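Right, one structure below, let's go through it.
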Ligand code: TYD
Ligand code: MG
């Protein structure tokens, strides 16, 4: 006999409580507890037992039959890179991102390419009608017999259709709109999302279908974000960018089949997303040559070095407390660097407003950007320009020392490739690579030494 039981689930983090709470004790968010009715069935196969008929014996590592995983390459090499070299068949890939960023566009383009190279694709959309998708497909020049569009939200119909069509690839746009009829709670609630994802995982693994799932990230929390799904899926990609800019960054934050923190860069054009082969050139494209408050850093994004400009504007505070704002940079990092410059570099910054920004909407968060950050601030404060062919790499410590960074050889090569003449690096890194470059490599040990050499 099925009984029903009610529980309150936090839509933000998934915390479950037997009674209503105004504030979630787990994540601290307010008004996120939503009542969900759970049907308690007499004991049957629990999720952990569902797979128990598979081989469960322990095997010696050496005896495991090894098949080199096959990867399917899409035409978008940026996507291949982010996935760790291509799509692993039977994997479940979650793509998160703000509304309007281009998730549906990306997946429709990928679907088009996959069916062109011989795969059968089922594109399930709970958000758009078939004719809307057709309109978009026309715009993107996508056509083909093996691309099936299916506007549907009911998982039981979707399962049936999968059995009929037997696709190689399944796209679910989006997980928040899918409805598992056996679950009584509202579409988009945590329980629904969790169950739908578990079901998709089953489909992926049992039928060896690669599944792409779109997940919306919302601020208000009316629909649960894909955060709770991240541990369930194989790969999590975030599609980021500023809707005001045309550049989009696809970032891998979890990947069972490749390295994380790899990024792919795309540009949204009138005919869909196109790849950006040389991001550094684009990020530096609009840079003014003779100006102050601008320093170029060679930052590693995943395994790839990217040159980005860090801009500063330091102006005397007219009224009240000094203001500090940072776009694309960590606010705390900026405060620390300013304090170091004040104390170790003798720059009087406490009564100055500081506005900082990384250009092109790139988020810079590795320690190796510190030196460029410091030089950019110093340049604006001193009203002295930095040569347009100089660039910087190095972490700054609290005593003003420049600390060693990783992958220095790749960074130097990239700077050289883009025509930079001098690169300032931590002195400790100097022994790390084979010299003989067309770029002058200058080792520095402290911020004041760097400032003396630059200005
Ligand atoms: P979309 O893929 O619908 O975003 P999401 O699925 O993440 O919500 O992308 C919508 C935006 O992309 C929309 O503002 C229009 C723009 N766009 C283009 O600029 N060019 C194109 O060819 C397409 C299809 C969309
Ligand atoms: Mg969409």
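Taking only the Cα atoms of region 281-454, how large is their convex hull per residue, in Å³?
Numbers: hull volume 17.6 nm³, N = 174.
So the per-residue hull volume is 101 Å³.
How long, wide and thick is the chain, going by the Cα atoms along their three principal axes, in whole angstroms, largest first?
Principal extents (largest minus smallest coordinate, Cα): 79, 54, 52 Å.
Show me the ranking of peptides 109-121, 296-308 by mean Cβ neighbours inside 10 Å, starting with the highest. Could the numbers behind the result be given before it?
Values: 109-121: 19.8, 296-308: 22.3.
Packing order, densest peptide first, comes out as 296-308, 109-121.
Could you pull the Cα extents of region 359-423 along its three principal axes, largest to smallest, in whole Å?
Cα extents, longest axis first: 30, 25, 25 Å.
Given the -39500 (n - 2.57) contribution per DSSP H run of 4+ residues, what per-residue ellipticity at 222 nm results for the chain, rounded to the nearest 500 deg cm²/dmol? Before the final figure, lay out each step's value.
On the way: 11 runs with 114 residues, N = 455.
Roughly -7500 deg cm²/dmol at 222 nm, from the helical runs in the chain.
In what sequence, highest mean first, do 13-19, 207-213, 94-100 appear when ranked by Cβ atoms within 10 angstrom?
Values: 13-19: 14.3, 207-213: 21.6, 94-100: 19.4.
Per-residue mean Cβ counts within 10 Å order the peptides as 207-213, 94-100, 13-19.
One quarter of the convex hull surface, Cα atoms only: what value does that give for region 335-388 in nm²? Walk me through the numbers before you get to the answer.
Details: hull surface 17.3 nm².
Projected over every direction and averaged, the Cα hull of region 335-388 covers 4.3 nm².
Considering only DSSP beta bridges where both residues belong to region 131-276, give the percentage that are antiparallel (nearest 5). Please list the in-between numbers first.
Working: 16 of 21 bridges.
Around 75 percent antiparallel, to the nearest 5.
Using Cα atoms only, what is the angle between the long axis of helix 370-382 and the major principal axis of the chain, expressed in degrees (0 to 90) to the nearest 10?
Its long axis makes an angle of about 50 degrees.
Where the centroid of each part is defined by its Cα atoms, how far is region 129-194 from region 243-291 in Å?
Each part's Cα centre sits 28 Å from the other's.
Would you compute, for the Cα atoms of region 3-43, the largest minus smallest coordinate along each principal axis and list the three values in descending order, in whole Å?
Over region 3-43, Cα extents along the principal axes are 34, 14, 12 Å.
Can you give the direction-averaged projected area of the convex hull of the alpha-carbon atoms in region 224-328, in nm²? The partial results should precede the final answer.
Details: hull surface 42.5 nm².
Its average projected convex-hull area is 10.6 nm².
Please compute the contact order of the chain in relative form: average sequence separation of alpha-carbon pairs under 8 Å and at least six residues apart, divided by the residue count, as a percent. Provide the component values of the computation, followed by the final result.
Numbers: 947 pairs, mean separation 52.9, N = 455.
The normalised contact order for the chain reaches 12 percent.
Arranged from highest to lowest average of other beta-carbon atoms within 10 Å per residue, in what order do the peptides 415-426, 159-170, 319-330 appear?
Details: 415-426: 20.2, 159-170: 16.8, 319-330: 13.7.
So the peptides 415-426, 159-170, 319-330, ranked by packing, come out 415-426, 159-170, 319-330.
Run a plain Debye calculation on region 70-277 (Cα atoms as equal point scatterers, no solvent) and give log10 I(q)/I(0) at q = 0.08, 0.13 Å⁻¹, rounded to two decimals, same order as the q list.
Here log10 of I(q) over I(0) equals -0.23, -0.65.
Report the rotationally averaged projected area of region 290-384 based on its alpha-carbon convex hull, in square nanometres.
Numbers: hull surface 24.1 nm².
Across all orientations, region 290-384 yields a mean hull projection of 6.0 nm².
Bear in mind that the values in this text are calculations on the coordinates, not laboratory data. Keep in mind that this is a model prediction, so the values were computed, not measured. Cβ: placed from backbone, ideal geometry, glycine included. Neighbour counts: every protein chain shown.
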